[in-house]
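Data block below; observations after.
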Amino acid sequence: MLKESSAIIEQYIRNLDNYSIEQLRFKSEENVWSLGQMYIHVIEVAKEYIGHMETCTKAAHEETAGKTEDGTKALAEKEWPNIPVKLEEPPNATRNPESKEEIIAGLEQVREKLTYWAGRVDEANPACKVRHGWFGWLHAREWFEMVSMHSRHHLRQKAILDVKLAEAGIR
């Protein structure tokens, strides 16, 4: 579980070598994220999910509700559905990074937190859950798995953004 999450984070960090800050901030369209905004989103969501892990481990209330059909399928397959997700907030609500170093620091912080939680999520009561808006009620281990699932999901988006960057000839 931790090995997979760390490998994905390392892939994101290695990929940064291929971009200038100008490329990371380039937006092909107004309502589409830049690569940098996508990186910031991945980091922010990972931190949110880590917060849900902590909530689950400290919770006393047991939740009887479970996952949605999509949540059950996604977690069984350990794969986010391969469909574009429209967030409630506009793309410009996610800011562009100030620097590559900011992105690297955020990814390393996520890796450190995952390392801390890797040995603790299985100790949490699986009946103590936090609700995900699409996937339903998830326990601590499932939130841990969601970090890598969500990060992998955005690697698909990164590939599309890379094409847009190449088409624009931004070097």
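Residue check, residue 72 against (1) open to solvent by less than 30 Å² (accessible area, probe 1.4 Å); (2) more than 16 Å from the chain's Cα centre (by Cα), all met but one. Which one?
(1)
Test of understanding: among 108, 79, 142, 112, which residue is among the acidic types (Asp, Glu), touching a Leu at 6+ places or on another chain (Cβ under 9 Å) and under 22 Å from residue 5 (Cα atoms)?
Of 108, 79, 142, 112, the one residue that is among the acidic types (Asp, Glu), touching a Leu at 6+ places or on another chain (Cβ under 9 Å) and under 22 Å from residue 5 (Cα atoms) is 142.
In segment 28-86, what count of residues is obtained for those that are more than 22 Å from residue 144 (Cβ to Cβ) and out of contact with any Lys or Arg (no Cβ under 6 Å at 6 or more places or on another chain)?
10
One line per residue, one yes/no per condition, for (1) closer than 29 Å to residue 140 by Cβ; (2) modelled with pLDDT of 95 or more; (3) small (Gly, Ala, Ser):
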residue	(1), (2), (3)
3	yes, no, no
11	yes, yes, no
16	no, yes, no
23	no, yes, no
31	no, no, no
37	yes, yes, no
43	yes, yes, no
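Name the single residue, out of those in segment 52-61 being in a helix (DSSP H, G or I) and of a type outside the set (Lys, Arg), that is surrounded by the most Cβ atoms within 10 Å (Cβ to Cβ).
So, considering only residues that are in a helix (DSSP H, G or I) and of a type outside the set (Lys, Arg), the one surrounded by the most Cβ atoms within 10 Å (Cβ to Cβ) is 53.
Checking the structure you have, find out if any residue of segment 107-116 is at positive phi and open to solvent by 30 Å² or more (accessible area, probe 1.4 Å).
No: segment 107-116 contains no residue that is at positive phi and open to solvent by 30 Å² or more (accessible area, probe 1.4 Å).
So for segment 92-110 (the condition being touching a residue at least 40 places away in the same chain (Cβ under 8 Å), farther than 30 Å from residue 171 by Cβ, of a type outside the set (A, V, I, L, M) and part of a loop (DSSP other than H, G, I, E, B)), does at least one residue qualify?
no
Go through segment 1-51 and give me each residue that's small (Gly, Ala, Ser), farther than 23 Å from residue 77 by Cα and either without any contact (Cβ under 8 Å) to a residue 60 or more places away in the chain or open to solvent by 20 Å² or more (accessible area, probe 1.4 Å) (or both).
At the first step, the residues of segment 1-51 found to be small (Gly, Ala, Ser) are 5-7, 20, 28, 34, 36, 46, 51.
Now drop any that are not farther than 23 Å from residue 77 by Cα, which leaves 20, 28, 34, 36, 51.
Result: 20, 28, 51.
May I ask you to list pairs of residues, at least six apart or on different chains, whose Cβ atoms are under 6 Å apart, with the first in segment 134-150 being touching a residue at least 60 places away in the same chain (Cβ under 8 Å) and the second being buried (at least 19 other Cβ atoms within 10 Å of the Cβ) and part of a strand (DSSP E or B)?
As it stands, the answer is 135/67; 136/67; 137/129; 138/129; 138/132; 139/129, since those pairs meet every condition given.
The values are calculated or read from the model by the stated rules, or taken from the named source; none is laboratory data. Small disclaimer: the values here were computed from a predicted structure and weren't measured. Ideal geometry is used to build each Cβ from the backbone, glycine not excepted, and the neighbour counts take in all protein chains shown. In case anyone asks, the SASA skips ligands and DNA or RNA and just uses the protein heavy atoms, side chains included. Shrake-Rupley method; radii C 1.70, N 1.55, O 1.52, S 1.80 Å.
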